[in-house]
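Notes follow once the structure below has been shown.
What follows draws every value from the coordinates through simple rules; no lab data is involved. Because the structure is a prediction, the values reported are computed rather than measured. With ideal geometry, Cβ positions are generated from the backbone for all residues, glycine too; neighbour counts draw on all protein chains shown.
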Amino acid sequence: TSDHLRHVESMATMPSGAGNISHPNAVILGESLASEENDLVFPSDHFSRQAHVSSPQQYLEMYKRSIEDPAGFWSDIAATFFWKQKWGQPVYSENLDVRKGDIRIEWFRGGITNICYNCLDTNVEAGLGDKIAFYWEGNELGVDATLTYTQLLHNVCQLANYLKDVGVKKGDAVVVYLPMLMELPITMLACARIGAVHSVVFAGFSAESLAQRIVDCKPKVVITCNAVKRGSKVIHLKDIVDAALIESSQSGVSVDVCLTYENQLAMKRESTKWLEGRDVWWQDVIPKYPTTCAVDWVDAEDPLFLLYTSGSTGKPKGVLHTTGGYMVYAATTFKYAFDYSSSDIYWCTADCGWITGHSYVTYGPLLNGATAVLYEGAPNYPDPGRCWDVVDKYKVTIFYTAPTLVRSLMRDSDKYVTRYSRKSLRVLGSVGEPINPSAWRFSSLLLSDSKASLHTQKEWFFNVVGDSKCPISDTWWQTETGGFMITPLPGAWPQKPGSATFPFFGVQAVIVDEKGVEIEGECSGYLCVKSSWPGAFRTLYGDHERYETTYFKPFPGYYFSGDGCSRDKDGYHWLTGRVDDVINVSGHRIGTAEVESALVSHPQCAEAAVVGIEHEVKGQGIYAFVTLVEGVPYSEELRKSLVLAVRKQIGAFAAPDRIHWAPGLPKTRSGKIMRRILRKIASRQLDELGDTSTLAEPNVVDQLIALADV
Ligand code: 6R9
C-alpha cells in the first residue's frame, strides 16, 4: 500500500504535465517522448468536470480512505442498497494467510438482502419502472425487443414462481445454457430471487464440458433453448444439452427438468428432439405464472452463483461468489470505472456465459438502474460495421468490449466505422487480455495482412472508433475477483495506452518477486493482492483445498492472480499476461492441460504438449505438439481429427491453431516436458532455445525443428 500510495501521491502533486489533468485538449502528448509508457492521453476538461471522480487528488483521498478504513468505506456504500436487516460486526473478516489457518473471506455477514430485489424492485419503486432495462438486438437486422424495469421484474417473477413450483429451493444449483436472449439475464435474476445458485455455462462449450459442470454441481433444472442463429449459422443447443444429460446420467447425476425456450427465429419446436417427462417448453408454462413473487431473503454470505473457469489442471474450477459483497462491488466498480450516470446507454459485448456478462451485463448495470443493450449475434454480421450500427441505433454512450474484437474489426476498412456517426459515445472499455498498445495504440507491425498498412500507427480504438474524444477504461480483473481490480477512472487520470492504470478503491495490488517479497517502485513481477475486497470469490465449489493451493499458497499472505505485471515510474500498472499454464485466447481462459487431455483422448494420439503463441487477432493462439501411437503415420486427415477432438471435448473456441507432429518431446531426465523449449520452437525463436543439455534426448529438438512445417 505505502508504495502504491507514494506513487499516486507523487503523480497527484506534480505541478504540470502528468498531474495536470486540466489540459485544454484531449490530445496525445506522447509523440516526442521516448517510450510508450510516457505517452499520456488526457480526458477533456469537460469530461473531468462532470465525472464522479474528477482529479487524481480526489481519487487519492477516496483510495486512501478505502485502504485505511475498509469497513467504513464499504459500509457507507453498502448503506445505499436495500437490506432487510443490516449486517453485523465486524463488517468484514478475513484470513488470507495460509500460515495462519484456513483461508476465509466474509463481508457484511448477518446482513439480509437479495440482489434481484436490489436490481429490480428498488428501481421500480424509485420510479424507474418505465425505464428501459434492456434493449435486445437480434442477430438479424431489424429484429429487436425491449424490456422496461417493470416488465423485466414481471418476467423474472414468473420464472421464479415456476422454479419454486418444480422444487428448486434456496441453495440449489440451476445450470443455464442459453445464448444472449433476454431469457438469460431473466434466468439469472429469477434464481437470485429465490436464493438458488445459477451456474451459467457459455453456450459455446461442448456437450462434454457441459456434462462435466453438471456432474460437479448437480442441478435440479437445466435451462436452455432449442437453437440460436449466430451470423449465418444455426446452432442446435438443445441437441448439445441432450448429449450432456445422457453423459451426466452415466456419471450418476440425473436432471429432472430441462426447461427449453423455443427460439422461433432459429428453429421451430416441431423439429426439436424431445424427451417427454423431462423437457418442458418455456412458452407453455412460464406465462401462466403470476407476475409477482415474494423474495427469498438471504444472508450476504449465501452463495449467488458458480462460474466455472479454466485452471492449470484439466478439471475446471467452480468459482463461487456470494451475495452481499459481490453486489456492492459489482455496482460500485460499474459506476466509477465507466463514470456511469443515469442518462447513459451502456453496451457490453460480452456473453453472460463469462464473468464479464455476470458483473457488467446483468448485475452491475441493473443495480445502477441503467439501460443496457444485449446483442444476440456475431459482431461482424452481416458486415464489420454492425457494432457501430448498433451504437447509432441505440445511441450507446458507453461501449465495453474485448481487444480481440477490436483487432479483428480494425483489419477491415475504416469505412465500416466512419459510415456511422458514433457521436453518442463518451467512454470506451476493454477487458479480457492485455490491450497492449498494439490494439489501444494500434501498430501495423503485428498484422501480416496487406489491409494493415491502412491503419499504420493509428490508435484505432481511440482515434477511429472513439473519434479521439473517449477515454478508454482498460479494466483488469478476473472471474475470481468478481469486479474490476485495476482500472482507469476515466475522468480522474491521464491514460497511458495499454496500461490498466491504478487499483480500484479497496484493492491493495502489489507486485512480488519469485520469493514472494513485495517489490517497490519501478519493477516487474507477479501480481498479488493483499487483504480482501468485497467482490472476492469465497471458495472453489467443493474444493476449498484447491482454492488455497492455487491462489494463496504460491505467495503466502497474498492472493495470487496468476498474472505478471510491471509498474512504471509513475505507478501505472502494465499487465503482461498469464504466468501459469493458462492460455488466453480471445479473452477466454483455456488451460493447456485441458487441451492436452482432449488431444490424448484421441485413440491415435499418445502424448500432447500445448503452448500459447502470439496471434494477431486472438491475442494468443493454441499450438499443440503431438506424439502419435507407434506406427501411426501423420497426415492431414489425422490433423483434422485431432482438432475435432478438441472442439468436441471443450468447444470450438479451444481448437488448436497449429498441430505440430512430434515423434518425441523434449523432456528432462526426470520426465518433465520442457515447455520453455517448446514455446521457443512454436514461436520460431530458434536462436533462443537456451540450454538443452539437461534433456534426456537432446536430439529431439533438431527433429522437432525439422518437422516444423509438416
Ligand atoms: C474479466 C476476465 C482473467 C484473465 C486475467 C488476465 C486477463 C483480463 C485484462 C487481462 C490484461 C486486462 N485479463 N482483463 N489482462 N489486461 N484489462 O477476463 O476474467 O475470464 O477470468 O480472465 O484475463 O490474464 O488473469 P477471466
Excluding residues fewer than 8 positions from Lys335 in its own chain, the aspartates and glutamates with Cα under 13 Å of it are Asp344
Under 5 Å from the placed amide H of Val41, counting only residues 5+ away or on other chains, we find Gln495, Lys496
In nanometres, the difference between 0.36 nm per residue of separation and the alpha-carbon distance of Thr668 and Thr418 is 84.5 nm
Surpassing 24 Å at the alpha-carbon level, of the pairs Lys268/Lys618; Lys169/Lys268; Lys84/Lys164; Lys530/Lys553, are Lys268/Lys618; Lys169/Lys268
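Would you list Val285, Val176 from fewest to most Cβ contacts within 10 Å?
On the way: Val285 15, Val176 23.
Result, fewest neighbours first: Val285, Val176.
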Neighbours of Cys387 by Cβ distance under 11 Å: Lys/Arg at +1, Asp/Glu at -1, summed charge -1
Contour minus Cα-Cα span, Val215 to Ser524, at 0.36 nm per residue, comes to 107.2 nm
Per-residue Cβ contact counts at 10 Å, fewest first, order Trp493, Trp661 as Trp661, Trp493
Taking a straight Cα-to-Cα line shorter than 20 Å from Lys640, and setting aside same-chain lysines fewer than 8 residues away, one finds Lys648
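Using a/c under 1.5 as the rounded threshold, could you call the chain rounded, prolate or oblate? The axes a ≥ b ≥ c are square roots of the C-alpha gyration tensor eigenvalues, and prolate needs a/b larger than b/c, oblate otherwise. Please report the intermediate quantities before stating the final value.
Values: a/c = 1.32, a/b = 1.04, b/c = 1.27.
Rounded is the answer for the chain, as its axis ratio a/c remains below 1.5.
Cβ neighbours within 10 Å, averaged per peptide: list 316-324, 286-294 in order, most packed at the top. Could the numbers behind the result be given before it?
Details: 316-324: 25.2, 286-294: 14.1.
Order by mean packing, descending: 316-324, 286-294.
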Rounded to the nearest 500, the 222 nm mean residue ellipticity computed for the chain from DSSP H runs (n ≥ 4, each -39500 (n - 2.57)) alone is -7000 deg cm²/dmol
The ³J(HN,Hα) series, computed from each phi in the stretch 486-494 with the Karplus coefficients 6.51, -1.76 and 1.60 at θ = phi - 60°, rounded to the nearest Hz and given as x for glycine or proline, is 10, 7, x, 9, x, x, 8, 10, x
Expressed in nanometres to one decimal, the distance between label points 7 Å along Cα→Cβ at Thr313 and Ser249 is 3.0 nm
Per the 1/(1 + (r/R0)^6) rule, R0 = 41 Å and r from the Cβ atoms of Glu616 and Glu514, FRET efficiency to 0.05 is 0.85
Candidate span helices, the chain: DSSP H, at least 18 Å along axis from Cα coords, Kyte-Doolittle average at least -0.5, result 149-165, 237-250, 324-337, 636-649
Along the stretch 93-100, Karplus-curve 3J(HN,Hα) (6.51, -1.76, 1.60; θ = phi - 60°) to the nearest Hz, with x for Gly and Pro, reads 9, 7, 9, 9, 10, 4, 6, 9
The long-range amide H neighbours of Phe305, using H built 1.01 Å from N in the peptide plane and a cut-off of under 5 Å, are His321
Taking max minus min of the Cα coordinates of the stretch 354-427 on each principal axis, largest first, gives extents in Å of 38, 25, 20
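Just to confirm the filter: which trypsin sites (Lys or Arg not before Pro) across the stretch 552-620 are DSSP coil and have at most 14 other Cβ within 10 angstrom of their Cβ? Each step should come with its number before you reach the end.
Numbers: sites: Arg567, Lys569, Arg578, Arg589, Lys618; in loops: Lys569, Lys618.
Within the stretch 552-620, the qualifying trypsin sites (Lys or Arg not before Pro) (loop, at most 14 other Cβ atoms within 10 Å) are Lys569.
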Residue separation between Glu545 and Ser75 times 0.36 nm, minus their alpha-carbon distance, gives in nm 166.2 nm
The distance between the Cα centres of the stretch 497-525 and the stretch 585-611, in whole Å, is 31 Å
Sorting Leu128, Ile115, Leu147 by the position of each Cα along the dipole of the stretch 98-164 (Lys, Arg +1; Asp, Glu -1; all at Cβ), the one nearest the positive end of that ordering is Ile115
Exposure proxy check on Ser232, Ser206, Ser468: fewest-to-most Cβ neighbours within 10 Å is Ser232, Ser468, Ser206
Counting sequence-distant residues (5 or more places) and residues on other chains, those with an amide H built under 5 Å from that of Met674 are Lys667, Thr668
In whole angstrom, the spacing between the Cα centers of the stretch 289-308 and the stretch 324-338 equals 18 Å
For the stretch 566-578, Karplus-derived ³J(HN,Hα) couplings (6.51, -1.76, 1.60; θ = phi - 60°; whole Hz; x for glycine and proline) come out as 10, 10, 8, 5, 8, x, 6, 9, 10, 6, 10, x, 5
Straight-line reach check, Lys170, cutoff 15 Å on alpha carbons, 8 or more apart in-chain or any other chain, hits among aspartates and glutamates -> Asp296, Asp299, Glu301, Asp302
